[in-house]
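The values are calculated or read from the model by the stated rules, or taken from the named source; none is laboratory data. Remember, predicted model here, so these are calculated numbers, not experimental data. Methodologically, a virtual Cβ is constructed for each residue, glycine included, from the backbone with ideal geometry; neighbour enumeration extends over all protein chains shown.
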Amino acid sequence: MKKLILFLIAIAGCFLLANAMVNDSGYVLIAYDNMSFESSLWATLLLLMVILLSAWIAIGLVRFFIGASTTIYPWSQSAKQKRAQRLSVRGLAEFSHGHWKKAERLLALAAESGETPLINYLAAARAAHEGGNNAACAEYLRRADHKAPGADIAVGITQAQLQLSGGQLEQALATLKHLHKKNPDHAFILKLLKQAYIRLHDWQSLALLLPVLKKQKVLDDAQLTALESQAYGALFEQAYRQGRSQTQPENKAASANAVWRRLSKQQQRESGMLFRYTQTLTLLGMEEKAERLLRDKLVKYYTVPLISLYGKIKGADTTKQLLTAEALLDERPNDSHLLLALGRLAMRNELWGKAREYFEASLRLKKSVDVYNELGRLLAYLNDYEKSSYYFREGLNIATDSVVQMPLAS
């Protein structure tokens, strides 16, 4: 119904317009200088409509041919950039799916014509590396450095990461040392350098790097403490192996002493470092030196590992050693580890009754395999074999996770 009404209105409009044109054609005169244009009003309006329609068609044709030319002949800058962007997106998508060769090809093409050659060349290098094409990887890194002057840090970091990933540890270390020399405060370079030292077991270099890692806050406190423990634990282990190979007694502790001297004053006050050093001295047969050092440090830096070690080693004066440990009882009367150490030191001084008292007091606080075994040894030495066997059995029961009941013999 609406369409019919509109159609009737249109017919009526056309009729009125035709009637107006017949009854009054109008008159238009345009004069300029010596020229003039005369026509009826309706003819002039029709001419204007023809001119506007022709202009609209001409503009559309121009736009069409420009679009067609950029599609068929993509040498315009805008078209190149759009094509490079599409290649880059496709390349990254292929990379994320693990299609290394296809990703490498697409990213390399995007790098050659796009506005971000550095990113695409680095991504192409990673794709080539994952695909096992090391020659292409090196070439893409070279192109990235050439195409983006001043991007040596980004290129170098990517190269080092790929070298670490490929197990080329010596090459990675050389790359990272070069980068670190040029950028000594770069946190990520420091983190990669740390990884290289750990994988190469270069603990000495890692120990020297620790203050820099701390200063630049590359690691948090917990990570730094763990790394420090790992590095110096390995250094003292190396010192032990080197000392064990020495034939002269005076040379056995030389490497361990060197590691200890390289520590800062603060590090030497850490109980973990003190334990590793004195433990190394003990293993190398330098018990008297270890005992003297522990005797001076125990009161201030008391820990379970230190008192346990102190109870096992033999100092030059075992009586003085026992008195030193007994002085700690005032502050730690209910410390089972201290009582165990005191029992051992009493045994070393042949104070059998005191040793038994200390062991039994430790056992009342905490049942442990060590205390049971020490009591078993002590009572066996004193010819009390029945109780000695009892303590050894109890220690064995604790040492096993569970005791399976055996069937009785019939």
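Ser96 passes every criterion in (1) modelled with pLDDT under 75; (2) among the hydroxyl-bearing types (Ser, Thr, Tyr); (3) under 30 Å from Gly166 (Cβ atoms) apart from (1).
Scan region 268-282 for residues that are crowded, with 17+ Cβ neighbours inside 10 Å and either more than 24 Å from Leu328 (Cα to Cα) or touching a helix residue (DSSP H, G or I) at 6+ places or on another chain (Cβ under 7 Å) (or both) and jot them down.
First pass over region 268-282, keeping only residues crowded, with 17+ Cβ neighbours inside 10 Å: 270, 272-282.
If the condition is that a residue be crowded, with 17+ Cβ neighbours inside 10 Å and either more than 24 Å from Leu328 (Cα to Cα) or touching a helix residue (DSSP H, G or I) at 6+ places or on another chain (Cβ under 7 Å) (or both), then Gly272, Met273, Leu274, Phe275, Arg276, Tyr277, Thr278, Gln279, Thr280, Leu281, Thr282 are the ones that fit.
Give me a count of the residues in region 128-152 that are touching a Leu at 6+ places or on another chain (Cβ under 6 Å) and modelled with pLDDT of 80 or more.
Step one: of region 128-152, the residues touching a Leu at 6+ places or on another chain (Cβ under 6 Å) are 129, 144, 148, 151.
Those left that are additionally modelled with pLDDT of 80 or more: 129.
The number of residues fulfilling the criteria is 1.
Of all residue pairs spaced 6 or more apart or on separate chains, those with beta-carbon atoms under 8 Å, a first member in region 262-285 that is without any contact (Cβ under 8 Å) to a residue 60 or more places away in the chain and a second member that is surrounded by fewer than 19 Cβ atoms within 10 Å (Cβ to Cβ) and β-branched (Val, Ile, Thr) are Ser271/Thr303; Phe275/Thr303.
Restricting to region 245-261, name every residue that is surrounded by fewer than 20 Cβ atoms within 10 Å (Cβ to Cβ), under 36 Å from the mean Cα position of the chain (by Cα) and under 11 Å from Leu284 (Cα atoms).
Ala254 - this is the single residue of region 245-261 that is surrounded by fewer than 20 Cβ atoms within 10 Å (Cβ to Cβ), under 36 Å from the mean Cα position of the chain (by Cα) and under 11 Å from Leu284 (Cα atoms).
Given region 168-244, what helices (runs of 4 or more DSSP H) lie entirely inside it while holding 2 or more residues that are of a type in the set (Gly, Ala, Ser) and touching a Phe, Trp or Tyr at 6+ places or on another chain (Cβ under 9 Å)? Result: 203-215, 221-244.
Filter region 304-333 down to the residues that are of a type in the set (Val, Ile, Thr) and in a helix (DSSP H, G or I), then identify the one that is surrounded by the fewest Cβ atoms within 10 Å (Cβ to Cβ).
Quick first cut of region 304-333, residues of a type in the set (Val, Ile, Thr) only: 304, 307, 313, 318-319, 324.
Pick out the ones that are also in a helix (DSSP H, G or I) and you get 304, 307, 318-319, 324.
Numbers: Val304: 15, Ile307: 21, Thr318: 15, Thr319: 12, Thr324: 19.
Filtering region 304-333 for residues that are of a type in the set (Val, Ile, Thr) and in a helix (DSSP H, G or I), the one surrounded by the fewest Cβ atoms within 10 Å (Cβ to Cβ) comes out as Thr319.
Using the structure shown, decide if Ser113 is modelled with pLDDT under 75, surrounded by fewer than 22 Cβ atoms within 10 Å (Cβ to Cβ) and out of contact with any Asp or Glu (no Cβ under 7 Å at 6 or more places or on another chain). Yes: the conditions hold for Ser113. State which residue is nearest to Ala174 (Cα to Cα) when the search covers only region 202-223 and only residues that are over 15 Å from the mean Cα position of the chain (by Cα) and of a type in the set (Gly, Ala, Ser). Within region 202-223, the match that is nearest to Ala174 (Cα to Cα) is Ser205. The selection criterion, being part of a loop (DSSP other than H, G, I, E, B) and more than 30 Å from Ser245 (Cα to Cα), holds for Tyr301.
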